[in-house]
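Trainee: Please read through the structure below; I'll follow up with questions.
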Amino acid sequence: GQQVMQIPQYQHVQEGEDFTTYCNSSTTLSNIQWYKQRPGGHPVFLIQLVKSGEVKKQKRLTFQFGEAKKNSSLHITATQTTDVGTYFCAGPVAGNNRKLIWGLGTSLAVNP
Amino acid sequence: DAGVIQSPRHEVTEMGQEVTLRCKPISGHNSLFWYRQTMMRGLELLIYFNNNVPIDDSGMPEDRFSAKMPNASFSTLKIQPSEPRDSAVYFCASSLVTSGGHWQFFGPGTRLTVL
């Protein structure tokens, strides 16, 4: 079946270091969404990418959608303690735009 | 504008008891989703509604689980009887499906513990 894989599962960084998480889909996606969940919190929508090769930035966060629309990445420059949390990617189920397939997430820990 | 509201925030119950989780979606949103999150299985979609109609309940684990959406501003997820393996965080999310996108807004979740 359709799957979305994320790597790494966990990442520990020193504050100020960069961080990247990768998302790979078994099928071509019409769009990909990224969410952040703080410890003890709920997933919060960050961004949606739609176009092949699209790159979007939100301050220190850079999101990319692959040319084949099967992979994506989230890069954080100069991490801060406020970046701690789990980052999820999610893409629509083939033929059903409302239902999302979720990756298992990458948990980021930042040492001050 | 209020976000997705869920109640209760925490629920501790004993095995065999009925549990009802409640959700109020964001006003104007036309899709509602119930998820379960555990460390082992991550975020699992249980059921979703579109315009108050259940569309896909393939994620509902067993007949012990049921969900309703009697109107556009209220939904319930019921577990009867509850079992210890149902312990998890249950999230409700809503979205407005448009041509531009349909990202989901999550409620704060209900942390369920079944003893």
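FYI, it's all coordinate maths here, none of it is from the lab. Owing to the predicted nature of the structure, the values given are computational and were not obtained by experimental measurement. With ideal geometry, Cβ positions are generated from the backbone for all residues, glycine too; neighbour counts draw on all protein chains shown.
Trainee: Taking segment B:82-99 as the search range and keeping residues that are more than 12 Å from B:PHE33 (Cα to Cα) and within 9 Å of chain A (Cβ to nearest Cβ), which one is farthest from the chain's Cα centre (by Cα)?
Mentor: Taking the candidates together, the pick is B:VAL97.
Trainee: Of the residues in segment A:55-112, how many are among the aliphatic types (A, V, I, L, M), under 19 Å from B:PHE106 (Cα atoms) and in contact with a Phe, Trp or Tyr (Cβ under 6 Å, 6 or more places away or on another chain)?
Mentor: 1
Trainee: How many residues, within segment A:13-57, are part of a strand (DSSP E or B) and either within 14 Å of another protein chain (Cβ to nearest Cβ) or buried (at least 20 other Cβ atoms within 10 Å of the Cβ) (or both)?
Mentor: Residues that pass the stated criteria total 17.
Trainee: So how many residues does segment B:58-72 have that are over 28 Å from A:PRO39 (Cα atoms) and outside any strand (DSSP E or B)?
Mentor: Qualifying residue count, segment B:58-72: 5.
Trainee: Quick one: what pairs do we get from segment A:83-112, first residue more than 10 Å from chain B (Cβ to nearest Cβ), second of a type in the set (D, E, K, R) and assigned to a strand (DSSP E or B), C-beta under 7 Å, 6+ apart or different chains?
Mentor: A:GLY85/A:LYS36; A:TYR87/A:LYS36
Trainee: Also: If I ask for residues that are closer than 20 Å to B:PRO84 by Cβ and surrounded by fewer than 13 Cβ atoms within 10 Å (Cβ to Cβ), which ones from segment B:13-34 would you list?
Mentor: B:GLU14, B:MET15, B:GLY16, B:GLU18
Trainee: Let me ask you something else. Does segment B:65-92 hold any residues that are among the basic types (Lys, Arg) and more than 19 Å from B:PRO8 (Cβ to Cβ), and which are they?
Mentor: Answer for segment B:65-92, where residues must be among the basic types (Lys, Arg) and more than 19 Å from B:PRO8 (Cβ to Cβ): just B:ARG85.
Trainee: Does any residue of segment A:74-86 turn out to be crowded, with 19+ Cβ neighbours inside 10 Å, in contact with a strand residue (DSSP E or B) (Cβ under 6 Å, 6 or more places away or on another chain) and part of a helix (DSSP H, G or I)?
Mentor: Yes - at least one qualifying residue is present in segment A:74-86.
Trainee: Also, quick follow-up: Name every residue in segment B:84-106 that is in a loop (DSSP other than H, G, I, E, B) and surrounded by fewer than 14 Cβ atoms within 10 Å (Cβ to Cβ), in order of residue number.
Mentor: The answer is B:SER99, B:GLY100.
Trainee: Scan segment B:38-53 residue by residue and report those that are surrounded by 15 or more Cβ atoms within 10 Å (Cβ to Cβ), part of a strand (DSSP E or B) and more than 9 Å from chain A (Cβ to nearest Cβ).
Mentor: Of everything in segment B:38-53, those that are surrounded by 15 or more Cβ atoms within 10 Å (Cβ to Cβ), part of a strand (DSSP E or B) and more than 9 Å from chain A (Cβ to nearest Cβ) turn out to be B:LEU46, B:ILE47, B:PHE49.
Trainee: For segment A:58-69, give me the residue count where each residue is assigned to a loop (DSSP other than H, G, I, E, B) and surrounded by 18 or more Cβ atoms within 10 Å (Cβ to Cβ).
Mentor: Summing the residues that are assigned to a loop (DSSP other than H, G, I, E, B) and surrounded by 18 or more Cβ atoms within 10 Å (Cβ to Cβ) in segment A:58-69 gives 2.
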